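> Structure provided below as structure tokens; questions to follow.
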Amino acid sequence: MSVRVRYTVQSAISSTPAEERDLGNVYWQIVTDLEQKGGTWKTVVPAGTSGLQLQIDNISTIQLLILRTTANNQNQQPNGVTINLNTPTGPQLLIQPLGDAQEGHLLVSTDQVTALYASNTGPADMAVTVIAAGY
């Protein structure tokens, strides 16, 4: 069984708060029906947690990975979450909210991710939403 994957990336960067979009303005939409499995899962990563495996259910290899991090308690300031790829000691990526934003994001298309592990050394419990498709 295949799944349809559709995602959109839209971004604008402006030199002033008037949002002239003079430094960048892109819109990309991708659609594919070749991936075999997919889903969305949310996990709370408590403060002080190291190497918590994130749920990706029956996907053996991730081909599209989208991660969103937010403070589990919306009254707290979000902090960074470190993601290890494939093993608890594998390559690390820090997902950090941009500026004063209340959430962080990561989007990657790949064929080399088989497992995800999250660590949270900050003071806030963090919610990590995983959107993944693959086989």
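The values are calculated or read from the model by the stated rules, or taken from the named source; none is laboratory data. Remember, it's a predicted structure, so these values are computed and weren't measured experimentally. Reconstructed Cβ throughout: ideal geometry from the backbone, glycine too, with neighbour counts over all protein chains shown. Keep in mind that these areas ignore ligands, DNA and RNA; they rest on the heavy atoms of the full protein, side chains included. Shrake-Rupley method; radii C 1.70, N 1.55, O 1.52, S 1.80 Å.
> May I ask you to compute the full-extension gain from THR49 to VAL9, defined as 0.36 nm times their residue separation minus their alpha-carbon distance, rounded to one decimal in nm?
Full extension of this stretch gives 11.3 nm more.
> Ignoring ligands, DNA and RNA, what percent of the accessible area of the chain is carbon or sulfur (1.4 Å)?
Answer for the chain: carbon and sulfur cover 50 percent of the accessible area.
> Something else about it: Rg (Å, one decimal) plus Dmax (Å, integer) for the alpha carbons of the chain?
Considering the chain through its Cα atoms, Rg and Dmax are 16.1, 48 Å.
> Then there's this: Of LEU85, LEU94, LEU54, which has the most accessible area and how do the rest follow, probe 1.4 Å?
So the residues, ranked largest to smallest area, are LEU94, LEU85, LEU54.
> Name the trypsin sites (Lys or Arg not before Pro) in region 13-90 that are in a loop by DSSP and that have at most 16 other C-beta atoms within 10 Å, would you?
Those satisfying the criteria are ARG21.
> Which GluC sites (Glu not before Pro) in region 1-37 pass both tests, a DSSP loop state and at most 11 other beta-carbon atoms within 10 Å?
For GluC sites (Glu not before Pro) across region 1-37 that sit outside H, G, I, E and B with at most 11 neighbouring Cβ atoms in 10 Å, the list reads GLU19.
> Next question, about the same structure. With just the Cα atoms defining each centre, how far is region 6-71 from region 95-135? Give it in Å.
Centre-to-centre (Cα) distance: 8 Å.
> Report, in debye and to the nearest 20, how large the dipole of the chain comes out about its Cα centre when Lys and Arg carry +1 and Asp and Glu carry -1 on their Cβ.
About 300 debye.
> May I pose another question? With +1 on each Lys and Arg Cβ and -1 on each Asp and Glu Cβ, and nothing else charged, work out how big the dipole of region 10-55 is about its Cα centre, in Debye to the nearest 20.
300
> Would you mind checking which residues have amide H under 5 Å from GLY90's amide H? H placed 1.01 Å from N; only 5 or more apart, or other chain.
Result for GLY90 returns LEU85.
> Something else: Accessible area per residue for the chain in Å², computed with a 1.4 Å probe and the full protein assembly in place, what is it?
Value returned for the chain: 59 Å² of accessible area per residue.
> With bins 5 Å wide starting at 0, give me the P(r) of region 49-124 over every alpha carbon pair, in whole percents.
3, 16, 25, 26, 16, 10, 3, 0
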